[in-house]
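One structure below.
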Amino acid sequence: MGGEEESQSNTKSGATKRKESTPPDGYVCRLCSVPGHWIQVCPTKKTGDKKRKRKPSDHVPVPGKDPSPEDIAEAQKMQEIPPPKCFCGLTSRLNKVKRSKAGGDTSRALGKYFFFCSKKRDDETQCRFARPADLELNKMKARAGNKAAQKKAEQEQAAQKKKETKQIKKAKLEQSDKKKEKEAAAEEDSSSSSSRSSDEESEGEAKEEDSSDSDSDSSSSDEE
């Protein structure tokens, strides 16, 4: 016990000495890439900035060994495909075929992406699931196309329904306007007929008065 405590105290004292001492010439902090201090007392570490400055790589991509920008773009595109279930019922894994046992160097699967069983190769229960990623990509495009067509059909149906609703409202307004016009015409007819009857009555009364006046004149002449 005593020896362990002594060793721990020695390591702690060594760490504190390193932090307090100055690093030797040629030592560069890996956090900030600035010499003159140990990595344990780096100013960026104290402020919480743990992002390391990556130095630009001088590596030149080798054709046939390193992936080209086109390969990287294709891989990113394939990773957007939702992986299907394998025969084991597990989520499959995406992998690029680099060699083929069955077809050899003449296999058409070389250089293409496939979904395989996610179990390890040395697992005896691994199924023989192998589906081209292009097939799943075409399915995904077809589903997206169907969704777009369905959305378009729904929009057209909604526009047609809106148009029909406007037509129905317009027809109702026209009917109400025609009804009002008929009612106004009926009122005018009734008022004109009533005025006519009143005029006829007044004319009849005037005629009666004229006839009574003529009768009274004839009777007076007879008396004379």
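Values quoted throughout were computed directly from the atomic coordinates according to the rules given, and no laboratory measurement underlies them. Quick caveat: nothing in here was measured; it's all calculated off a predicted structure. All Cβ positions, glycine included, derive from the backbone under ideal geometry; neighbour counts span all protein chains shown.
Read phi for every residue in the range 151-165 and hand back ³J(HN,Hα) as whole Hz from Karplus 6.51 cos²θ - 1.76 cosθ + 1.60, θ = phi - 60°, with x for Gly and Pro.
Taking θ as phi minus 60°, the curve returns 5, 5, 5, 5, 5, 5, 5, 5, 5, 5, 5, 5, 5, 5, 4 Hz for the range 151-165.
Could you sort the peptides 68-76, 135-143 by per-residue average Cβ neighbour count (10 Å cutoff), highest mean leading?
Answer by packing, highest mean first, reads 135-143, 68-76.
Of the peptides 152-163, 23-34, how do they stack up when ordered by the mean number of other Cβ atoms within 10 Å, highest first? Don't jump to the answer; show the numbers that get you there.
On the way: 152-163: 10.0, 23-34: 12.3.
So the order, starting with the most tightly packed, is 23-34, 152-163.
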